[in-house]
Amino acid sequence: MRKNKILITGGAGFIGSHLCQRLLNENYFVICLDNFITGNLANIKPFLKNKNFRLEIKNVSNYIDVPGKLDYILHCASLASPTDYLDFPIQTLKVGSLGTHNALGLAKKKKAIFMLFSTSEVYGDPLVHPQKETYWGHVNPIGVRGCYDESKRFAEALTMAYHRVHKLNTKIVRIFNTYGPRMRHNDGRVVPNFIDQALKNQPLTVYGKGNQTRSFCYIDDLVDGLLNLMNSKENLPVNLGNPDEFTIMELVDLILKLTGSRSKKVFKKLPQDDPQKRRPDITRAKKILGWKPVVPLEEGLKRTISWFKS
Ligand code: UDP
């Protein structure tokens, strides 16, 4: 029987490479497309000798094509760390808009199931808490995060238009803060930053007073949810994330405890438009996908710290 063939844009990134691994284990033929702007060859190196894996070094923001049939396209490519999209705002806007258009066009040609990797950032600095999929958000379009937030909002609109007009079978996942092995040491996001600083006994950089909150999901939990959604009948957006909410100061203290680090804390200016709080309402994911995260923050951090050490 022919294997299901799947294209993952951004497949060499943090989430993309975990998905490649899981889908290879589940007997899919995986094509990983990446331009390595933030992806890392080391993440996918072990798969290069697998006969069910192919790497295409390409930018999804330019025209893309692959020969033969395609059953799924997972459009995961994006700059996802605030420091990355501050450094590359135009590439961020292009991958969310042009990249999504190209990926949808290919899905239409191949009659493939399409999944957009969207984000909790579509809710901006939310005025509703926790965030449900029915909330329309509170986004500053011209602020420094606008390049990410608005391109993902456009990407969702485009995906729904392809679903409605071309009857494409599309999925939209809104991913909340996720962490785990294979995040870059210089990624800029809070978990890799703090672990890296703690392991080097350097000061932990707390932005603002550290009373802003986030809810952190371990990568393996997220990947379970992504596979469930990919194979579901759902076409409307679904939040995936861990609803356990922590302040940034609570995260600092936990990472200091788990690493046994001698690091101090230093307080830095809060970045512009930094959301004050964030927590997913995962009622829909529980109901539609029968999914909920199972790895507690402390356990996930232990696994991530041990990967950073190695
Ligand atoms: N943050 C911090 N120190 C850091 C990096 C991030 O205090 O070294 C804070 C940041 O201001 C934000 C939260 O941690 O409130 C999460 O930031 P991250 O960059 O991980 O992503 P975000 O959730 O803002 O997209």
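The values are calculated or read from the model by the stated rules, or taken from the named source; none is laboratory data. In this text, all values refer to a predicted model and were calculated from it rather than measured experimentally. Please note: Cβ atoms are built from the backbone with ideal geometry, for glycine as well, and neighbour counts cover all protein chains shown. In case anyone asks, the SASA skips ligands and DNA or RNA and just uses the protein heavy atoms, side chains included. Shrake-Rupley method; radii C 1.70, N 1.55, O 1.52, S 1.80 Å.
Looking across segment 54-79, the residues that are among the charged types (D, E, K, R) and either crowded, with 18+ Cβ neighbours inside 10 Å or assigned to a loop (DSSP other than H, G, I, E, B) (or both) come down to Lys58, Asp65, Lys69, Asp71. Please determine whether any residue of segment 239-250 is away from the ligand (no atom under 16 Å from the Cβ) and within 21 Å of the chain's Cα centre (by Cα). No, segment 239-250 has no match at all. When only residues in segment 130-182 that are under 16 Å from the mean Cα position of the chain (by Cα), within 14 Å of the ligand (Cβ to nearest atom) and of a type in the set (Val, Ile, Thr) count, which is farthest from Ser306 (Cα to Cα)? Within segment 130-182, the match that is farthest from Ser306 (Cα to Cα) is Ile175. Out of the residues in segment 120-129 that are outside any strand (DSSP E or B) and more than 16 Å from Arg284 (Cβ to Cβ), which is farthest from the ligand (Cβ to nearest atom)? So the residue we want is Leu127. Across segment 232-274, what is the total count of residues that are among the hydroxyl-bearing types (Ser, Thr, Tyr), farther than 17 Å from Lys200 by Cβ and in a helix (DSSP H, G or I)? Here the count works out to 0.
Selection of first residues in segment 201-215 that are over 17 Å from Gln272 (Cβ atoms) and open to solvent by less than 10 Å² (accessible area, probe 1.4 Å) and of second residues that are hydroxyl-bearing (Ser, Thr, Tyr) and in a loop (DSSP other than H, G, I, E, B), restricted to Cβ pairs under 8 Å at least 6 apart or on distinct chains, gives the following pairs, ordered by first then second residue: Leu204/Ser263. Here Ile282, Ile255, Ile288, Ile305 are screened, and the one residue that is within 12 Å of the ligand (Cβ to nearest atom) and among the β-branched types (Val, Ile, Thr) is Ile255.
Residues in segment 163-200 that are in contact with a Lys or Arg (Cβ under 7 Å, 6 or more places away or on another chain), in a helix (DSSP H, G or I) and surrounded by fewer than 21 Cβ atoms within 10 Å (Cβ to Cβ): His166, Leu199.
Selection of first residues in segment 285-310 that are within 14 Å of Leu227 (Cα to Cα) and of second residues that are among the aliphatic types (A, V, I, L, M) and in a helix (DSSP H, G or I), restricted to Cβ pairs under 9 Å at least 6 apart or on distinct chains, gives the following pairs, ordered by first then second residue: Ala285/Leu229; Ile288/Leu229; Leu289/Leu229; Trp291/Leu229; Trp291/Ala285; Lys292/Ala285; Pro293/Leu222. The set of residues from segment 80-114 being β-branched (Val, Ile, Thr), in contact with a Leu (Cβ under 7 Å, 6 or more places away or on another chain) and open to solvent by 60 Å² or more (accessible area, probe 1.4 Å) is empty.
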